[in-house]
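The values are calculated or read from the model by the stated rules, or taken from the named source; none is laboratory data. None of these values were measured; they are calculated from a predicted model. Virtual Cβ from ideal backbone geometry, glycine too; neighbours counted across all protein chains shown. Surface accessibility is based on the protein's heavy atoms, side chains included, excluding ligands, DNA and RNA. Shrake-Rupley method; radii C 1.70, N 1.55, O 1.52, S 1.80 Å.
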Amino acid sequence: MIDDLERPRAPLLRWLGITLALVIGAPVLFVLGLFVTYGIESATPEDYPDVAPQEMAERAAARSREAYEVAGFDTVLPAGRYNGYSAGSCYPGGLEGVADTPVENAYALSHSWQLNDVPRDEALTALARLRDRLQAGGWDITSYEQQQASEDWILRTERGNGERQVYEWMSEGGRFLGGVHMECAYAPAGEEGDVETELVPPALGAGA
C-alpha cells in the first residue's frame, strides 16, 4: 500500500527537475547567445564605403549649393563661421553598439550653413521649395512642421544609406540653418586628417 502511494512521486519529481533546468538554463543560454552574437558582430567590419574626406566634402558641398539655390537665397555666403565642415564618429549598429565604441578610421562628414535676418514668409517659401525638390529627388520627408510652443519651422529628410538633410528657420534672429549630413565612410590610409581645419567649403549663393 505504501509503495503504491509513493510511485506517482517519481514523474512529479522528474517534471520538477525539467522545469528547474529550463528556468535556470534559459537565461544562461540567452546570455551565452548574446556573447556569441556580440563576438560575431565585433569581428565583422561595418559596411561603409571607402571615400576620401575631400571627395565626401565635395559631395556635401554640391548638395548644399543645390539646396541654397532651390531655397532662392541671393546673399553670397563665404566660407567661415556660418559656412563650414565638421566631422563626427561613426558607431556600429546592433548589439555591438551597446559598447558605445566608435568604428576605427570611420567618419561622418557634415556641411552646415546659416543665414541671419531671413523674414518668415521668405523662410517658409524656401522650406516648401526644398521639401518639394528633395521629395521629388527620392528623399524621405521625416518631418516638416512648426515646432511646438514657438514659431520655428523644421524640415528633416533622409535616405536609406544614412544621408540626411535638415533645414530649419528660427524666429529669433530670423536664422535659417541648413545641414547636409553624409553617410559614414572609411578614410583611406593616410588621408584621415582634420576635416574641420583642412577642408574649406565653397561660398554659397549666386555669383559666388
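Figures for the structure shown
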| quantity | calculated |
| --- | --- |
| Some residue of the stretch 74-82 being assigned to a strand (DSSP E or B) and either modelled with pLDDT of 95 or more or touching a Lys or Arg at 6+ places or on another chain (Cβ under 9 Å) (or both) | yes |
| Every residue from the stretch 105-121 that is under 29 Å from E198 (Cα atoms) and at pLDDT 90 or above | A106, Y107, A108, L109, S110, H111, S112, W113, Q114, L115, N116 |
| Among (1) of a type in the set (A, V, I, L, M, F, W, C); (2) out of contact with any Phe, Trp or Tyr (no Cβ under 6 Å at 6 or more places or on another chain); (3) open to solvent by less than 30 Å² (accessible area, probe 1.4 Å), the one test that M170 misses | (3) |
| Residue within the stretch 122-135 that is closer than 12 Å to Y167 by Cβ and in a strand (DSSP E or B) present | no |
| Hits in the stretch 122-167 - residues which are modelled with pLDDT under 95, surrounded by fewer than 11 Cβ atoms within 10 Å (Cβ to Cβ) and either under 19 Å from E69 (Cβ atoms) or among the polar types (S, T, N, Q) (or both) | Q148, S150, N161 |
| Failed item in (1) over 16 Å from the mean Cα position of the chain (by Cα); (2) open to solvent by less than 70 Å² (accessible area, probe 1.4 Å); (3) modelled with pLDDT under 90, with G94 passing the rest | (1) |
| Test result for V103, closer than 22 Å to P188 by Cβ and β-branched (V, I, T) | yes |
| Residue tally, condition outside any helix (DSSP H, G or I) and either at pLDDT below 75 or surrounded by 15 or more Cβ atoms within 10 Å (Cβ to Cβ) (or both), over the stretch 17-70 | 6 |
